[in-house]
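So the structure is just underneath, and the comments pick up after that.
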Amino acid sequence: MVADPDDAKRALRVLLRAARGTGDAASLIARILALSLPDGAVVAGVWPLPGEPDLVPAWTALAGRGHPIVLPETTRRGQALRFRRWSPGAPMVSGRFGTLHPTGEAAVPQIVFVPLLAWDTSLARLGYGGGYYDRTLQALQGVRAIGFGFESQRLDRVPVGPYDVRLDAIVTESRVLAGEGVSL
């Protein structure tokens, strides 16, 4: 009997939230900044939740290189994320599930950095369970999706359901793993 991927993901989330991945955030930021992103591409980052690496220095540096930066606003359940323009020092407001987002105008990203609880070398990711990023990536056809996390979050295999979207690449503190035909 094949296990239900949703049941497997729920069980993994309980374990992984309790033991969040740890790693060198400075090295992760350096790898992000070493990526070869198209000039002027609109980049979606994230404001860190407790337990996530603080990548705001990466978004600040990318903004300084001429990349418009947008951060997600968590919408109602069942909807894609909305991205709002951000600049260093911009005011942040509270959102759903303890998130923070800027008040800037809405914009569509070309590159989306995607948080995760776990990942595998097939570029599958385990998210937080709301389906926001899967819905968002499906809605943003052609966007480049780059997961970020630590090597300690790698699993041999992440359970994948029919609506899960694989990433184009994953960046960790020690490597960049890109899918076929993806150059970074």
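Every number here is computed from the coordinates shown, using simple stated rules; none is lab data. From a predicted model like this one, the values you see are computed outputs, not experimental measurements. Note that we place each Cβ from the backbone using ideal geometry, even for glycine, and neighbour counts take in every protein chain shown.
Things to note:
- Computed extension gain for Arg166 through Ala107, at 0.36 nm per residue and net of the alpha carbon distance, reaches 18.9 nm.
- Candidates Gln110, Gln141, Gln79: whichever shows maximal mean-square fluctuation once the chain is modelled as a Gaussian network with Cα springs under 10 Å: Gln141
- Backbone amide hydrogens, once placed in the peptide plane, bring Arg82 within less than 5 Å of Glu73, Thr75, excluding anything fewer than 5 places away on its chain.
- Amide H contacts of Arg144 (H built 1.01 Å from N, under 5 Å, at least 5 apart or other chain): Ile111, Val112
- Between 0 and 90 degrees, the angle of helix 25-34 with respect to the longest Cα principal axis of the chain falls at about 70 degrees.
- Dividing the summed -39500 (n - 2.57) terms of all DSSP H runs of n ≥ 4 by the residue count of the chain sets its mean residue ellipticity at 222 nm at -6500 deg cm²/dmol.
- Mean sequence separation of contacting Cα pairs (under 8 Å, at least six apart), scaled by the length of the chain, corresponds to a relative contact order of 24 percent.
- From the coordinates of this entry, percent of Cα pairs over 27 Å apart is computed, and it appears in [x] 62; [y] 21; [z] 46 under the label [y].
- Extended-chain gain in nm, criterion 0.36 nm per residue less alpha-carbon gap, Phe97 and Leu33: 20.2 nm
- Simple Cβ-charge dipole of the chain, Lys/Arg +1 and Asp/Glu -1, about Cα centre, in debye nearest 20: 400 debye
- Among the GluC sites (Glu not before Pro) in the stretch 102-184, those located in a DSSP loop and surrounded by at most 14 other Cβ atoms within 10 Å of their own Cβ are Glu105, Glu180.
- Separation of the Ala63 and Glu151 label points, Cα + 7 Å toward Cβ, nm: 3.2 nm
- At the listed q of 0.10, 0.15, 0.24, 0.25 Å⁻¹, the Debye profile of the stretch 46-132, built from one uniform point per Cα, gives log10 I(q)/I(0) equal to -0.26, -0.59, -1.42, -1.49.
- Based on Cα contacts under 8 Å between residues 6+ apart, the stretch 40-132 shows a relative contact order of 29 percent.
- Panel order for Val108, Val171, Val56, by other beta carbons found within 10 Å of each beta carbon, from fewest to most: Val108, Val56, Val171.
- Extension gain (nm, one decimal) between Gln138 and Asp7, 0.36 nm per residue minus Cα-Cα: 44.9 nm
- Of all DSSP-defined beta bridges confined to the stretch 1-138, some 75% are antiparallel rather than parallel.
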